[in-house]
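Enquirer: Take a look at this one; I'll ask things after.
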Amino acid sequence: MATKIRLRRMGANKVPFYRIVVADSRCSPKGKFIEKLGWYDPRVKKVEANKEKVLSWVNKGAQLSNSVKKLLINFSILSPDEIGK
């Protein structure tokens, strides 16, 4: 099973809130997910993610989406060396 670490939109209309989740790459972005790794709130520009879980999923072969990769690097949660660029 090919897995991706991506954002899942939550929240009400015009009040976005995102969860960072591990999901099957074939599932829809609003569909089922395997595990929740953290969250991102763009209104207050705050990210919280479990670094150990993210790294363990990356080591298992999960691919980071571009948006999640940028968030984790820009908010200094992970370095490009840890991800493997």
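Enquirer: Could you tally up the Lys pairs in the chain with alpha carbons closer than 13 Å? Skip any pair fewer than 8 positions apart unless they're on separate chains.
Expert: Taking the Cα cut-off of 13 Å, the pair count is 9.
Enquirer: Still on this structure: How high is the FRET efficiency from Val15 to Lys51, r the C-beta distance, R0 25 Å, rounded to 0.05?
Expert: Efficiency for this residue pair is about 0.35.
Enquirer: While we're here: Under 1.5 on a/c is rounded, so check that first for the chain, then, if it is not, pick prolate when a/b is larger than b/c and oblate when it is not; a ≥ b ≥ c are the square roots of the alpha carbon gyration tensor eigenvalues.
Expert: On the way: a/c = 2.11, a/b = 1.15, b/c = 1.83.
Oblate.
FYI, it's all coordinate maths here, none of it is from the lab. On a predicted model such as this, the values are computed, not experimentally measured, just so you know. As a convention, Cβ positions derive from the backbone with ideal geometry for all residues, glycine included, and neighbour counts pool all protein chains shown.
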